[in-house]
Amino acid sequence: MKTIISPSILSADFANLEKEIKKIEPYVSWLHIDVMDGHFVPNISIGVPVVKSIRKITNLFLDTHLMIENPIKYIDAFSLAGADLVTFHYEAAKDKTIETIKKIKENNKKVGLSIKPKTKVEEIKDYINLVDLILIMTVEPGFGGQKFMDECAKKITEIKNYSKNDNLIIQVDGGINDKTARICTNLGANCLVAGNYIYNSDNIEEAIKSLI
């Protein structure tokens, strides 16, 4: 599988969001949308209305990452808004993990399950073969521009060992640049989220190409 690059709009200029999305459209097929509630993570970002607005201006695959408490409550709303894939955090769902996975599938969306840096892969082993994507956070979720945590990269191999699905997407988010991208893809990751590295670069096309 060719590496999927999913640029994070968290690093985009929100005053010119349509223009910022159009900048990356020729080079990627995915767009990563970070939704934060100020509770599960210390930052507040965007919600349903912005996802709905983004859906109107792009045909990119909307890779929607819910960093929110009680995610099951919002699955219908984000699905209706136009998310193509809904990723929720295991730490936010816990005993409702299976229920949340089912809810996303009922909405005919791809399902993603994410874990924070301190969560062990073993904790989610029973869910790996029930979802389309596993998102490994290599920074503490909440803010862009943090340094890549090398020790989290080994989780890629652990997930591969548990997976029975050849099409499982293993996504890595946090501190991704041309060097850390190589660490991840060499271990078997096939989807990378990058924000600052892409949006702060002088040549967006070259920045994206350097991650593949």
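The values are calculated or read from the model by the stated rules, or taken from the named source; none is laboratory data. Worth saying up front: this structure is predicted, and the values here are computed from it rather than measured. We place every Cβ from the backbone using ideal geometry, glycine too, and count neighbours over all the protein chains shown. Remember, those area values only see protein heavy atoms, side chains included, never the ligands or the DNA or RNA. Shrake-Rupley method; radii C 1.70, N 1.55, O 1.52, S 1.80 Å.
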- prompt: All other residues with a Cβ under 15 Å from the Cβ of residue 26 taken together, and with Lys, Arg as +1 and Asp, Glu as -1, what is their net charge?
  reply: -1
Cut-off 15 Å between beta-carbons: net charge of the residues surrounding residue 180, Lys and Arg +1, Asp and Glu -1: +1
task: Any aspartates and glutamates with Cα under 20 Å of the residue 209 Cα? List them, leaving off those in the same chain fewer than 8 positions away.
output: 20, 25, 63, 173, 178
- prompt: Can you give the accessible area per residue of segment 1-116, in Å², using a 1.4 Å probe?
  reply: 44 Å²
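Please tell me the relative contact order of the chain in percent, rounded to the nearest whole number, where contacts are Cα pairs under 8 Å and at least six residues apart.
Values: 420 pairs, mean separation 44.3, N = 212.
Relative contact order, the chain: 21 percent.
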statement: The ³J(HN,Hα) series, computed from each phi in segment 127-137 with the Karplus coefficients 6.51, -1.76 and 1.60 at θ = phi - 60°, rounded to the nearest Hz and given as x for glycine or proline, is 9, 4, 8, 9, 10, 8, 8, 10, 9, 9, 7
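From the Cα gyration tensor of segment 36-111, with a ≥ b ≥ c the square roots of its eigenvalues, which class applies: rounded if a/c is under 1.5, or else prolate if a/b is larger than b/c, or else oblate?
Verdict is oblate for segment 36-111.
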message: Just the number please: accessible area per residue for segment 133-205, 1.4 Å probe, all protein chains included, in Å².
response: 45 Å²
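Based on the mean of other Cβ atoms within 10 Å per residue, sort peptides 98-108, 125-135 so the most packed one is first. Before the final figure, lay out the partial values.
On the way: 98-108: 16.5, 125-135: 18.7.
Top to bottom by mean Cβ count within 10 Å: 125-135, 98-108.
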message: Full-extension gain between residue 77 and residue 150, please, as 0.36 nm times their residue separation minus the C-alpha to C-alpha distance.
response: 22.8 nm
statement: Per the 1/(1 + (r/R0)^6) rule, R0 = 22 Å and r from the Cβ atoms of residue 1 and residue 178, FRET efficiency to 0.05 is 0.65
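How high is the FRET efficiency from residue 164 to residue 55, r the C-beta distance, R0 30 Å, rounded to 0.05? Numbers along the way, then the final one.
Values: r = 33 Å, r/R0 = 1.09.
Computed FRET efficiency for residue 164 and residue 55 comes out at 0.35.
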statement: For the table 154/179; 94/160; 116/164; 120/179; 52/96; 120/155, the rows whose alpha-carbon distance is greater than 19 Å are 94/160; 116/164; 120/179; 52/96
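Figure the gain on full extension for residue 196 and residue 22 (residue separation times 0.36 nm, minus the Cα-Cα span) and round it to one decimal in nm. Before the final figure, lay out each step's value.
On the way: separation 174, 0.36 × 174 = 62.64 nm, distance 1.65 nm.
Net length gain for the segment: 61.0 nm.
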message: If I compute solvent accessible area with a 1.4 Å probe over the protein chains, what percent of it on segment 59-212 is carbon and sulfur?
response: 46 percent
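What is segment 92-150 by shape, rounded, prolate or oblate, if you read a ≥ b ≥ c off the alpha carbon gyration tensor as root eigenvalues and call it rounded for a/c under 1.5, prolate for a/b larger than b/c, and oblate otherwise? Present the calculation step by step, with values, prior to reporting the outcome.
Numbers: a/c = 2.30, a/b = 1.75, b/c = 1.32.
It comes out prolate by the Cα gyration axes.
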- request: Report, in whole Å, the centroid distance computed from the Cα atoms of segment 41-93 and segment 195-212.
  value: 24 Å
task: Among (1) 8, 30, 39, 21, 3, 0; (2) 8, 33, 34, 18, 6, 1, 0; (3) 9, 38, 40, 13, 0, find the value of P(r) over Cα pairs in 10 Å bins from 0, in percent that was calculated from the structure presented, and write down its label.
output: (3)
